[in-house]
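Trainee: Structure incoming, see below.
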Amino acid sequence: MAEVVRNVLVAALCCSGIVFFLGGTVGLLRCPDLYARLHPSTKCDTLGACSVILALIILSGFSMVVLKLLAVTFFLMLSSAVCGHAIGRSAFKSGVVPWHKPGVEPLPPMEVEEP
Amino acid sequence: MSWALGVAADHPVLLVAVPLLFAALCPIWAMWKRSACFPWAMAGMSVTAFLAWSLIGDVSPRRALTYNLSGWRPPWGIQIRIDYVGLLMVCIITAVGLLIVLYSWRYVEHDLKPERVPYYYTLLLLIMTAMIGFSVTGDLFNMFVMMEIFSITSYALVAISGMKEAVRAAFKYLLMGATSSLTVLLAIAFLYSATGSLNMLDISLQLKSTSYVQVAAVALILFVVGFSVKAALFPVHVWLPDAHSIAPSPVSALLSALVIKMGIIGLFRVFFTVYGPGFAARSGTWNGVIDVVSWLAVASILVGAALAIIQRDFKVMIAYSSIVHIGYILLGLTVLSGNGTVGGLFDILAHAMGKGCFFMVAGIMIYKGNRRQIHELRGVGRTMPVTAWAFTIAALSIVGIPPTAGFMAKFYILWGCIQRGKYHFVVLALIGSLLTAVYCFRVVYYMFFTGARRPDARLDEGPVTMYAPAALLAAGTVFFGIFANLLIPSLTAAARLVLAR
Amino acid sequence: MKRLLVLVALAVIGVTLLYGIGKMPPMDSRASPDKTHVVPRYLGHGEEEAGAKNIITGVILNYRGYDTMGEVSVIFSALCAVIAILDREKKGRSRSGVDASRVRTSLIVTTVVRFSLPVVMLFAVYTMLHGEPSPGGGFQGGAIVGASIILFTIVFGLAVSTKRIPPGARVPMESVNMLGFLSMGFIGLAFGVQFLTYILPGLGVAAAETVRKLMLDVIELGIGIGGGIIFISIVFSMIREDRYELQQDVP
Amino acid sequence: MNWTVNLLLMLFLLATAVVAITLKDLLAAVVVFSAYSLMMAMLWTQLRAPDLALTEAAVGAGVTTVLFIIVVYRTVRREDR
């Protein structure tokens, strides 16, 4: 029974990881501008890779490897999110204008006070 | 004292370790005092030269000096193997290198930014280390490692003045040199897959019985392509004129006298130590490649000489002259006759001294009055007699007129060609010599027989540390021309051994 | 015309290489020379002879340690080449793009880098010293050290990094990799064995083992620290904004 | 299983190599080249050379990418004829 539960969990996590990766890739290809592309591609790393690693942890059972994998997960989440933030911020600061639908009035630029 | 004489024979690795130690400490030493770099490099080169020359009695054509690094026997570990040719190269490298370091002192003070001077000497020591290591190693992969060091350092030394043209020439050199390094690495990989070994002698043993002859043949072709670029053989010589003429003059002397010889030593090792005439029985590639190389050598003689004649720039002319001599040396080595091999090896020595002297003279001309064009050398014979006479004597050697080393070298090369019945090579090589005489004596003519009406009194002899090395090298060509018998019998024995393998 | 020539040359090279590869022993054959000649000794006796569980480390540091000394010198000469052409940065005065930019680096980024830098360093040291029983070694660890400090410099700017690790402190560390090899080699010579031999005579078996382990560790650390610092120095002299322009005219 | 993975990695390696050469935008070429290095690292692990894989990942994908990006930043972004 426990075997079945574990396998189901692993399969589910792997599938969700694949879904996130697929979504991330499609988003990267289909989204109109940098800001929009950042959104799916960071999810790709955090959720996709992390669920696959979680699946691996469940599959391997508890050992020293799990600690390493957990560390990898942690740093993956950290670095991917921070990278997305840094890219978006520097694009915004260097004046990349967000995309807007043709014919629709764009949002006025956000006021950000510079420290 | 006797202990000091024996230490190099006990531990030949010191030939590499000592200059490397000096190179590693040179930037640290320079933090204390920038001007202390020159004596430091000088000390390093002197110790190395002493170690190299103390080996002279220990190596003979029949007896090579071997040393197993880390104590592992050859197929498993790396072996240093100093045979007679290796010892000859090491002695040339240390002697010419010592003179070049001495010559550099005033030249780089004048030519380089002061913060680059320590790195200049570091690079100089590194390139010496690598060339010595390249000449004495018995291991193919170690050869490649050493080749990488002297390649990278020579790119840097060409570009060190920071002028735009220098950087461009160095980049061209880098592109061709990196490709050739890659080719050599590929060749080593091919040979490793065919023989499973990296030691040269072991490979040559394995090649006698290997069932992968075609792989070894492809490796041979790749080796020849790779080392030809380093040696600046005719179709792949295009980097040489730019790099050698734009580099600082001591560097030009170093590159021309020693670094391109490394390509030749590489070819020599591959042709005769690794494959050997014995390989010809197993695959026709060996003879084919040797034939191609000797034709290319003749082509380099003629093309180099023809291009040298039409140059107006002094250093560019000398650079083209190097291509001519690479042709002579390789012609001697590939004619496969004992005398030809002797002539080729002897020409390495003759050309190192002659061409080193040429570039040193060119450097003095640039140091004193920034004269680069040949017609600017009017009247130099009167204002700078030592320099002009050094050039003239070296020119005699480069052209091949007795009693100089160059004559002996060419004599033996042509003798070898005649012995093998290759009279067409003799004729073509003699035409090359004639062209060489034209471009060399044109300069001598300008120096001695045309004069500026009012000789510029400020343009007298350069510093003694600059013209003395040039004069010493010129004297060396005469010395080895007269006392050629110091080397010829041993070289003959070595050549006989090499061709019998 | 030129294009055609290049294409023909490439085709000739490609055909030659493919011919050679086609004649090579097949990859999975157990009887090919590259698996039967030298390798069996490495695999069979490497662990006790070379003193490393990871055979690669044994080959790199012991059987072919002299080659590694050469490779380390290659890196050092690359550094000398870069410094000789681009010159070194000035302590605290050189600026990179971040120093010059008006926009301040995001607080999130700086915080995360501050937090992760020591962890990366720890991993680098682990890689350096753990090269003996597992994959890794000095060079890889050094590259990681270099990468982490380059990350720091990208985020905080060159002025801050050069204050933390000034050129004066880096110069002695750059040649540490060669000095590690040379000093271990000279120790061997002093004991009367060959250069880079790690088993010193005149010691007991256990003591000799310990000394060998120590010497290999010194060399690994030397390769790591030297390699890392060399990476850092190369990057620093490349990213500084106040570099000299190339001289246009012939002096 | 094993050889399919290897084949896919090889194909991807070839594709990245070709793309890295043909791209005119040098920054993009650098990014593709770093992907190439990662593929190479994975291939090394497949060929049971983990030491080499670690080096390739640290140096090929890490340090050289940084160096290349600095060079692109210092010189020109586009390769023009």
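The values are calculated or read from the model by the stated rules, or taken from the named source; none is laboratory data. All values reported here derive from a predicted model rather than from experimental measurement. Neighbour counts run over all protein chains shown; Cβ positions are idealised from the backbone, glycine included. Only protein heavy atoms, including side chains, enter the accessible area calculation; ligands, DNA and RNA are left aside. Shrake-Rupley method; radii C 1.70, N 1.55, O 1.52, S 1.80 Å.
Trainee: So how far apart, in nm, are the two label points at residue C:134 and residue D:9 if each is 7 Å from Cα heading toward Cβ?
Mentor: Reported label-point gap for residue C:134 and residue D:9 is 2.0 nm.
Trainee: Considering only protein heavy atoms, with the full assembly of protein chains and a 1.4 angstrom probe, order D:24, B:422 by accessible area, largest first.
Mentor: Correct descending sequence by accessible area is D:24, B:422.
Trainee: Quote the total accessible area buried by chains C and A together, excluding ligands, DNA and RNA, probe 1.4 Å, nearest 100 Å².
Mentor: 800
Trainee: How much FRET efficiency would the formula 1/(1 + (r/R0)^6) give for residue C:207 and residue C:36, where r is the Cβ-Cβ distance and R0 is 51 Å, rounded to 0.05?
Mentor: 0.90
Trainee: Got a number for carbon plus sulfur as a percent of the stretch B:249-341's accessible area, 1.4 Å probe?
Mentor: That share works out to 62 percent.
Trainee: From the alpha carbon gyration tensor of the protein assembly as shown, can you work out the equivalent ellipsoid semi-axes (sqrt of 5 times each eigenvalue) and give them in Å, largest to smallest?
Mentor: Sorted largest first and rounded, they come to 51, 34, 28 Å.
Trainee: Starting from the Cα-Cα distance between residue B:73 and residue B:499, subtract it from 0.36 nm times their residue separation and give me the gain in nm to one decimal.
Mentor: Stretched out fully, the residue B:73 to residue B:499 stretch lengthens by 150.7 nm.
Trainee: Over chain D, with every protein chain in place, what whole percent of the accessible area is carbon and sulfur at 1.4 Å, could you tell me?
Mentor: 75
Trainee: Using θ = phi - 60° and the Karplus curve 6.51 cos²θ - 1.76 cosθ + 1.60, what whole-Hz ³J(HN,Hα) does each residue of the stretch C:174-182 get, with Gly and Pro shown as x?
Mentor: For the stretch C:174-182, the Karplus-derived couplings read 5, 9, 4, 5, 6, 5, x, 4, 5 Hz, x marking Gly and Pro.
Trainee: Related question: Under the 0.36 nm per residue contour assumption, what length would be gained going from the current alpha-carbon distance of residue A:97 and residue A:83 to full extension?
Mentor: 3.1 nm
Trainee: Also: Charges on Cβ only, +1 for Lys and Arg, -1 for Asp and Glu, centred on the Cα centroid of the protein assembly as shown; of B:47, B:100, C:75, which one is farthest towards the dipole's positive end?
Mentor: B:100
Trainee: Kindly tabulate the residues in the stretch B:201-234 with an accessible-area decrease of at least 50 Å² between the chain alone and the assembly of all protein chains, using a probe of 1.4 Å.
Mentor: Listed by number, the residues meeting the 50 Å² cut-off are B:212, B:214, B:218.
Trainee: Moving on. Describe numerically, in nm with one decimal, the distance between label points set 7 Å from Cα along Cα→Cβ at residue D:47 and at residue B:2.
Mentor: Going by the 7 Å Cα→Cβ label model, 5.5 nm.
Trainee: Between the stretch B:217-249 and the stretch C:185-241, what's the alpha-carbon centroid distance in Å?
Mentor: A separation of 35 Å, based on Cα centres.
Trainee: Just to check I understand the Karplus step: with θ = phi - 60° and J = 6.51 cos²θ - 1.76 cosθ + 1.60, what whole-Hz values come out for the stretch C:200-216, glycine and proline as x?
Mentor: 8, x, x, 10, x, 4, 5, 5, 5, 4, 4, 4, 4, 4, 4, 5, 4
Trainee: Could you report the stretch B:354-434's accessible area per residue, 1.4 Å probe, as an integer in Å²?
Mentor: On a per-residue basis, 36 Å².
Trainee: I've got another one for you. At 222 nm, what helix-only mean residue ellipticity would chain D give, in deg cm²/dmol to the nearest 500, using -39500 (n - 2.57) for each DSSP H run of four or more?
Mentor: Computed mean residue ellipticity for chain D: -24000 deg cm²/dmol.
Trainee: List the residues of the stretch C:167-187 for which accessible area in the full set of protein chains is at least 10 Å² lower than for the chain on its own; 1.4 Å probe, protein heavy atoms only.
Mentor: C:168, C:171, C:172, C:175, C:178, C:179, C:182, C:186
Trainee: With the dipole of the protein assembly as shown worked out from charges on the C-beta (+1 for Lys and Arg, -1 for Asp and Glu) around the Cα centre, which of B:297, A:74, B:209 lies farthest toward the positive end?
Mentor: After comparing all options, I get B:297.
Trainee: Still on this structure, I have one more. Given R₀ = 56 Å, FRET efficiency for residue A:15-residue B:33 by Cβ-Cβ distance, to 0.05?
Mentor: For R0 = 56 Å, the calculated efficiency reads 0.25.
Trainee: Applying the Karplus parametrisation 6.51 cos²θ - 1.76 cosθ + 1.60 with θ = phi - 60° to the phi angles of the stretch B:206-211, what ³J(HN,Hα) value in whole Hz is obtained for each residue in order, glycine and proline being reported as x?
Mentor: Each residue of the stretch B:206-211 in turn: 4, 5, 5, 10, 5, 9 Hz.
Trainee: Would you be so kind as to list the residues of the stretch B:139-160 that have their accessible area lowered by at least 40 Å² in the full protein complex compared with their chain by itself (1.4 Å probe)?
Mentor: B:145, B:149, B:152
Trainee: Also, quick follow-up: Taking chain B as the region of interest, what is the percent of Cα-Cα pairs per 20 angstrom bin, listed from the shortest bin to the one with the maximum distance?
Mentor: That works out to 25, 59, 15, 0, in percent per bin.
Trainee: Per DSSP H run of n ≥ 4, the term is -39500 (n - 2.57); total these for chain B, divide by its residue number, and report the mean residue ellipticity at 222 nm rounded to 500 deg cm²/dmol.
Mentor: For chain B, the value works out to -24500 deg cm²/dmol.
Trainee: Using the crude model of +1 on Lys and Arg Cβ and -1 on Asp and Glu Cβ, and no other charge, please compute the dipole size for chain A relative to its Cα centre, in debye to 20.
Mentor: Charge dipole of chain A: 320 debye, to the nearest 20.
Trainee: Would you compute, from DSSP H runs of 4+ residues alone, the mean residue ellipticity of chain C at 222 nm, taking -39500 (n - 2.57) per run and dividing by the full residue count, rounded to the nearest 500?
Mentor: -22500 deg cm²/dmol
Trainee: Obtain the nm distance between the two label points defined at residue C:114 and residue D:78 by a simple spin-label model: each point lies 7 Å from its Cα along the Cα-to-C-beta direction.
Mentor: 4.2
Trainee: Let me ask something else about it. Rounding to the nearest 20 debye, state how big the charge dipole of chain B is about its Cα centre with +1 on each Lys and Arg Cβ and -1 on each Asp and Glu Cβ.
Mentor: 640
Trainee: Cut-off 18 Å, label point 7 angstrom out along Cα-to-Cβ of residue D:71: give me the residues of the stretch D:26-55 whose amide nitrogen falls inside.
Mentor: Only D:26-38 fall inside the zone, counting backbone N under 18 Å.
Trainee: Would you mind classifying the stretch D:2-74 by shape? Square roots of the alpha carbon gyration tensor eigenvalues, ordered a ≥ b ≥ c; an a/c under 1.5 is rounded, otherwise it is prolate if a/b is larger than b/c and oblate if not.
Mentor: Here the stretch D:2-74 falls in the oblate category.
Trainee: Given axes a ≥ b ≥ c from the Cα gyration tensor, I'd like to know whether the stretch A:2-93 is rounded (a/c under 1.5), prolate (a/b larger than b/c) or oblate.
Mentor: Since a/c reaches 1.5 but b/c is at least a/b, the shape of the stretch A:2-93 is classed as oblate.
Trainee: Determine the shape class of chain C: with a ≥ b ≥ c the square roots of the Cα gyration tensor eigenvalues, call it rounded for a/c under 1.5, and otherwise prolate if a/b is greater than b/c, oblate otherwise.
Mentor: The shape class here is oblate.
Trainee: Of all accessible surface on the stretch C:54-239 at a 1.4 Å probe, what whole percent is carbon and sulfur?
Mentor: 73
Trainee: So, one more: Identify all lysines with a Cα-Cα distance to residue B:355 below 23 Å; exclude those on the same chain that are fewer than 8 residues away in sequence.
Mentor: Straight-line reach from residue B:355, under 23 Å: B:172, B:230, B:261, B:315, B:368, B:410.
Trainee: Follow-up question, since we're still on this one. C plus B alone minus the pair: what accessible area, both sides summed, probe 1.4 Å, in Å² to 100?
Mentor: So the buried area, both faces added, is about 5700 Å².
Trainee: Where nothing but the Cβ of Lys and Arg (+1) and of Asp and Glu (-1) is charged, how large is the charge dipole of the protein assembly as shown around its Cα centre, in debye to the nearest 20?
Mentor: The calculation lands at about 1580 debye.
Trainee: Could you report the buried accessible area between C and D, both sides summed, computed with a 1.4 Å probe and given in Å² to the nearest 100?
Mentor: Buried area (both sides, nearest 100 Å²): 1500 Å².
Trainee: When we measure straight from the Cα of residue B:208, which aspartates and glutamates land under 17 angstrom away, once same-chain ones fewer than 8 places off are left out?
Mentor: Straight-distance partners of residue B:208: C:34.
Trainee: Could you report the stretch B:119-220's accessible area per residue, 1.4 Å probe, as an integer in Å²?
Mentor: 23
Trainee: Turning to a different aspect of this structure: Given a 1.4 Å probe, how much area per residue of chain A is accessible, in Å²?
Mentor: 69
Trainee: Near the amide H of residue C:95, under 5 Å away, which other amide H atoms are found, from residues 5 or more places off or on another chain, if H is placed in the peptide plane?
Mentor: Those qualifying (amide H under 5 Å, at least 5 residues apart or on another chain) are C:241, C:242.
Trainee: Charges on Cβ only, +1 for Lys and Arg, -1 for Asp and Glu, centred on the Cα centroid of the protein assembly as shown; of B:462, B:24, D:62, which one is farthest towards the dipole's positive end?
Mentor: Most positive-ward Cα: B:462.
Trainee: Using a 7 Å offset from Cα along Cα-Cβ at residue C:27, what residues in the stretch B:193-224 end up with backbone N under 14 Å from the label point?
Mentor: Counting only backbone N, you get no residues.
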